[in-house]
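**Student:** Below is one structure. I have some questions about it.
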Amino acid sequence: MPMNSARSGRRSALDLPRTPTGIDQVFHAVRARKPRRIVDLPAEPRWRSEYVARDVRGPRMTLGEFGYRREELHHAHGGVDETATVGPVQILTPEGLDRLAEVCDKLEGAAGSSRFIATRRLRSADLVSTFINNMMRDRTFLLTCSRLAGVPLIPHPLRIPTAQINYFEGRGRPEIVRWHRDGMDYVFTIQLSGEDDYEGGRFTYFQGRTDEFTGVTEADPRIREAPCGERGATLFLHGSRIFHAVTPVTEGRRVTLVISFFCPYFARQDSNTFWHLAGDDGIPATIPSWLRLKWPVRDPAMDYSLRAGSPVITWEDVEGA
Ligand SMILES: O=C(O)CCC(=O)C(=O)O
Ligand SMILES: [Fe+2]
């Protein structure tokens, strides 16, 4: 079993609030503001394909191990999309990680507060950072992510949620990630700080179906902690099917980059909902993105790659490892 049970901090993990749903989600959508644009962009190092680590492999859990039945999962290309978690793995070389951490540090001033899921975050980081944009659209990086998840992946065409930097500091109001499931299906979280840099900040998840989460108690052994303390630790999560949260950072500073991908072949099964997105970005910003996601296409790999400004990744590419 790749992940350890959360012994320490289990109590505080379940004390975390849950992301609003239903009518509360609509209130968030009405109040939420479109992500800010920053005018003075910091100078950045150049992204290089060599920053992608070689032969990235890690422990994997299936959605079956979370209680999902095969018939509930996406089927395509003779297989089942059943990867629940992979990792943590080191997806970047030490130098690549240093450069990415530098880039994310410099963007902190542009982060905005939110009470929806993560307390302080910068949405659409790839629209302001050429480094992150190029990293996410690098064919070697995309193939590495696709092979970890087992399906062809490109950056999500919704654009605003596709690259989010979360910042946590242990002073003032506690900075957390509420219990939530992501709107996104294919989510990689890269730790840009190491556990020596902060206290708290545990990545906690529920190893059960999302419809079993309500009413879960502190003693439930399915509340677990992912061992993501190492700097650079990258965890893949089938985000829409797994409840997860981050406990408050009580001291120091924790920074993560959360990148969300899209499988063009499963475009119709994409798990995002309009109100989940609008809860974070507001209604006006969500409408055009939503149309771009839902508009039918003829050739999914090609057409969605155009929408996401990404190289094309096909099933054949994933298999040709
Ligand atoms: O910062 C983290 O470790 C996880 C963040 C997360 O789950 C999210 O932003 O959706
Ligand atoms: Fe999340």
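**Student:** For the ranges 13-24, 214-225, 196-207, what's the packing order if you count other beta-carbon atoms within 10 Å of each residue, average per peptide, and put the highest first? Show your work: numbers first, answer last.
**Tutor:** Values: 13-24: 14.9, 214-225: 13.4, 196-207: 20.5.
Ranking, from highest mean packing down: 196-207, 13-24, 214-225.
**Student:** Further question: Across the Cα atoms of the stretch 4-319, what radius of gyration and what greatest pairwise Cα-Cα distance (Dmax) are found, in Å?
**Tutor:** Spelled out, the Cα radius of gyration and Dmax of the stretch 4-319 are 18.2, 52 Å.
**Student:** How large is the dipole of the chain about the Cα centre if only Lys and Arg carry +1 and Asp and Glu carry -1, each at its Cβ, rounded to the nearest 20 debye? Intermediate results must be reported in sequence, preceding the final value.
**Tutor:** On the way: 43 positive and 41 negative charges, 163 e Å.
Roughly 780 debye, rounded to the nearest 20.
**Student:** Can you sort V30, V312 from fewest to most other Cβ atoms within 10 Å of each residue's own Cβ? It would help to have the intermediate numbers written out before the result.
**Tutor:** Details: V30 10, V312 17.
If I rank by nearby Cβ atoms, fewest first, I get V30, V312.
**Student:** What would the Debye formula give as log10 I(q)/I(0) at q = 0.10, 0.13, 0.17, 0.22 Å⁻¹ for the alpha-carbon point model of the stretch 88-215, no solvent?
**Tutor:** -0.35, -0.61, -1.09, -1.68
**Student:** Given a 10 angstrom Cα cut-off, can you work out which residue in R159, R139, R173 is the most mobile in a GNM of the chain?
**Tutor:** Looking only at R159, R139, R173, the largest GNM fluctuation is found for R173.
**Student:** So what are the radius of gyration and Dmax for the Cα set of the stretch 60-133, in Å?
**Tutor:** Rg then Dmax for the stretch 60-133, in Å: 17.7, 47.
**Student:** List the extent of the Cα atoms of the stretch 233-301 along each of their three principal axes, largest first, rounded to whole Å.
**Tutor:** 50, 28, 18
**Student:** Now a separate question. Rank Q207, L277, F188 by how far each Cα sits towards the positive end of the charge dipole of the stretch 171-280 (+1 on Lys, Arg Cβ; -1 on Asp, Glu Cβ) and give me just the farthest.
**Tutor:** L277
The numbers here are math on the coordinates, done by the rules we state, and not lab data. Here the structure is a predicted model, which means the values were calculated and not measured. Cβ atoms come from the backbone with ideal geometry, glycine included; neighbour counts cover every protein chain shown.
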